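This report concerns only the one structure given below.
The values are calculated or read from the model by the stated rules, or taken from the named source; none is laboratory data. Since the model is a prediction, treat every value here as computed from it, not as a measurement. We place every Cβ from the backbone using ideal geometry, glycine too, and count neighbours over all the protein chains shown.
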Amino acid sequence: MGSDDGPTPTIGAMSETYYDSDRSDEFGFGGPRSTAGIQGICIHTTESGKSATATSSTADAVTSYQVRTRTGSYHVMVGVDGKRIRQNTDDWATWSTGNQGNNILLHLCVVGNAEQTRWEWLAQDTMLRAAASVVRYWSDRYDIPLRKVSVAELPGICGHDDTRVWGGTDHTDPGPGFPYDKLVDYAKGPTTAAQPDLVQQIVDQLRNPAGIGWPQFVGNTIGDALAALQTTLTTRLKTLVR
């Protein structure tokens, strides 16, 4: 629930909105909070079975269950199909960790469980990328560093299991196999750092004499290949006119 902060925003260079459907009006539990106190992003799992057995309706089904039973809530739930459901606005304290994490963290839940291996998570690339778009939005909006941290190292990204030090919970999600590194990489988006190297390679291909060369030209640069061709043609022409 909550008041929202205007139209659905876009996410910097990623050009994506941070949710696809909004069910925040259905969550009548929790309470208002100030976004000024937000210190990080907390990752959760639904614990409704492994991601591989989930369907495109699982995230909505879990959301409906939470609304009906009032057993917990998040800010955004992401399904295996990449659909992002906003459960609560950022200015609403959710029932996510049973401790101070409800007040100072943004809570993102993905479909799956804490027993999943890294490879099982990596197989859910669509969901990971969708979750990363939410992380990126929050990072940009609240100046949260894109890094995995413990709660003692906030601001940053932590897991529900990290919040156990605050008491009130014994949950271990998203589990040791969760690929925080991949989530962070996707959230950071494509890097432009490699572009100068690409430009330099093109220059190297064209310039003479130094360059990395084309395999089609037996390791020669375009300049070297053209020069060799000119030499060959000149030699043959001289032979012909004799």
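Here is how the numbers come out for the structure above:
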{"read-out": "Check on ALA114, crowded, with 16+ Cβ neighbours inside 10 Å and under 13 Å from ASP185 (Cα atoms)", "value": "no"}
{"read-out": "Hits in region 121-144 - residues which are crowded, with 18+ Cβ neighbours inside 10 Å and either closer than 18 Å to SER48 by Cβ or touching a Leu at 6+ places or on another chain (Cβ under 6 Å) (or both)", "value": "TRP121, GLN124, MET127, LEU128, ALA130, ALA131, ALA132, VAL134, TRP138, SER139"}
{"read-out": "Flag if ARG68 is free of Cβ contacts under 8 Å to residues at least 60 places away in the same chain, buried (at least 17 other Cβ atoms within 10 Å of the Cβ) and out of contact with any strand residue (DSSP E or B) (no Cβ under 9 Å at 6 or more places or on another chain)", "value": "no"}
{"read-out": "Criterion violated by ARG236 - all others in (1) at positive phi; (2) at pLDDT 75 or above; (3) not assigned by TED's automatic domain parsing to the domain that holds CYS109 satisfied", "value": "(1)"}
{"read-out": "Residue within region 29-46 that is among the basic types (Lys, Arg), at pLDDT 95 or above and either under 27 Å from ASP143 (Cα atoms) or not in a loop (DSSP other than H, G, I, E, B) (or both) present", "value": "yes"}
{"read-out": "Which listed residue, of ARG86, ARG118, is out of contact with any Ser or Thr (no Cβ under 8 Å at 6 or more places or on another chain) and either assigned by TED's automatic domain parsing to the domain that holds GLY175 or of a type outside the set (A, V, I, L, M) (or both)", "value": "ARG118"}
{"read-out": "GLN87 vs. criteria over 23 Å from GLY177 (Cβ atoms), in contact (Cβ under 8 Å) with a residue 40 or more places away in the chain and surrounded by fewer than 17 Cβ atoms within 10 Å (Cβ to Cβ)", "value": "no"}
{"read-out": "Neighbours by Cβ (under 9 Å, 6+ apart or cross-chain): first from region 140-160, over 11 Å from LEU105 (Cβ atoms); second outside any loop (DSSP other than H, G, I, E, B) and of a type in the set (Ser, Thr, Tyr)", "value": "ARG141/THR35; PRO145/SER139; LEU146/SER139; ARG147/TYR180; LYS148/TYR180"}
{"read-out": "Filter pass, ASP170 being at pLDDT 60 or above, exposed (fewer than 13 other Cβ atoms within 10 Å of the Cβ), within 16 Å of the chain's Cα centre (by Cα) and closer than 19 Å to THR45 by Cβ", "value": "no"}
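Here is a yes/no grid of residues against (1) free of Cβ contacts under 8 Å to residues at least 12 places away in the same chain; (2) of a type in the set (D, E, K, R); (3) in contact with a helix residue (DSSP H, G or I) (Cβ under 8 Å, 6 or more places away or on another chain); (4) in the same structural domain as ASP140 (by TED's automatic domain parsing):
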position: ILE41; (1), (2), (3), (4): no, no, yes, yes
position: THR53; (1), (2), (3), (4): yes, no, no, yes
position: VAL62; (1), (2), (3), (4): no, no, no, yes
position: TYR74; (1), (2), (3), (4): no, no, no, yes
position: THR94; (1), (2), (3), (4): no, no, yes, yes
